[in-house]
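Chemist: Can you read through this structure? Questions will come right after.
The values are calculated or read from the model by the stated rules, or taken from the named source; none is laboratory data. Just so it is clear, the model here is predicted, and its values are computed rather than measured. Cβ coordinates were reconstructed from backbone atoms using ideal geometry, including for glycine residues, and neighbour counts include every protein chain displayed.
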Amino acid sequence: MTSTTLDNEAAVRLLVAAFADDPVARWLLPGSAGSADRVFRPVVEQSAALGELAADGAAVAVWLPRAADPPEFDVDLIPRELTRLRTFMALTEQRHPAGRAHLHLVFLGVAPDARGRGLGSALLRARLAEADAAAVPAYLEASSPRSRPLYERHGFRVTGDLILLPDGPPLWPMWRDPRS
């Protein structure tokens, strides 16, 4: 599911723009948009290398396959100055489902001037159809009250309690079983 219309750098730029007004992104990087590409770039590169980066030019979906029992995430891989990202990763990793291989939708971003046209939904539908055919579930953390209903329309359901960031916005952990 590799993008043919966006290279990695363009995907990173699109995500920086798409998440500029996201509550979790604002919490992660208060007043430092220059650090945003440091958050997005490694995951975009990993997703692209695995053939899981999907884009249409104005929207990008960053998926990562996740093993049933992956190795423990090493928060020390994140630069010390990105303290909130380290906290975010520690909290989300604690809640990430284990025991069943699945796809993880790390980011779904749509350019601000292209929102409301169904571009994100189209990317979701395409990859989820492939996941359904392979009987693979999917997981994500919705980062805003606005995004949660979008994911619910695609079959995701909130699983468990909210993930609460210290003095920050909540995240909704969401799971989707494959459709037969």
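Chemist: Of Pro173, Pro149, Pro71, which residue is of a type outside the set (Phe, Trp, Tyr) and touching a residue at least 12 places away in the same chain (Cβ under 8 Å)?
Modeler: Matching residue, one of Pro173, Pro149, Pro71: Pro173.
Chemist: Filter the range 71-100 down to the residues that are touching a helix residue (DSSP H, G or I) at 6+ places or on another chain (Cβ under 9 Å) and under 30 Å from Ala122 (Cβ atoms), then identify the one that is surrounded by the fewest Cβ atoms within 10 Å (Cβ to Cβ).
Modeler: Glu93
Chemist: Look at Ser35 and say whether it is among the polar types (S, T, N, Q) and touching a Phe, Trp or Tyr at 6+ places or on another chain (Cβ under 8 Å).
Modeler: No.
Chemist: Looking at Glu52, Glu45, which one is surrounded by 14 or more Cβ atoms within 10 Å (Cβ to Cβ), more than 22 Å from Ser147 (Cα to Cα), acidic (Asp, Glu) and in contact (Cβ under 8 Å) with a residue 24 or more places away in the chain?
Modeler: Of Glu52, Glu45, the one residue that is surrounded by 14 or more Cβ atoms within 10 Å (Cβ to Cβ), more than 22 Å from Ser147 (Cα to Cα), acidic (Asp, Glu) and in contact (Cβ under 8 Å) with a residue 24 or more places away in the chain is Glu45.
Chemist: Report, by residue number, each residue of the range 105-123 that is surrounded by fewer than 22 Cβ atoms within 10 Å (Cβ to Cβ), over 12 Å from Ala142 (Cα atoms) and not acidic (Asp, Glu).
Modeler: Within the range 105-123, Ala111, Pro112, Ala114, Arg115, Gly116, Arg117, Gly118, Leu119, Ser121, Ala122 qualify.
Chemist: Next question, about the same structure. Can you name the condition, by its number, that Ala68 falls short on among (1) under 16 Å from Arg127 (Cα atoms); (2) part of a loop (DSSP other than H, G, I, E, B); (3) of a type in the set (Gly, Ala, Ser)?
Modeler: Against the list (1) under 16 Å from Arg127 (Cα atoms); (2) part of a loop (DSSP other than H, G, I, E, B); (3) of a type in the set (Gly, Ala, Ser), Ala68 comes up short only on (1).
Chemist: Of all residues in the range 32-65, count the ones that are in a loop (DSSP other than H, G, I, E, B) and modelled with pLDDT of 90 or more.
Modeler: 4
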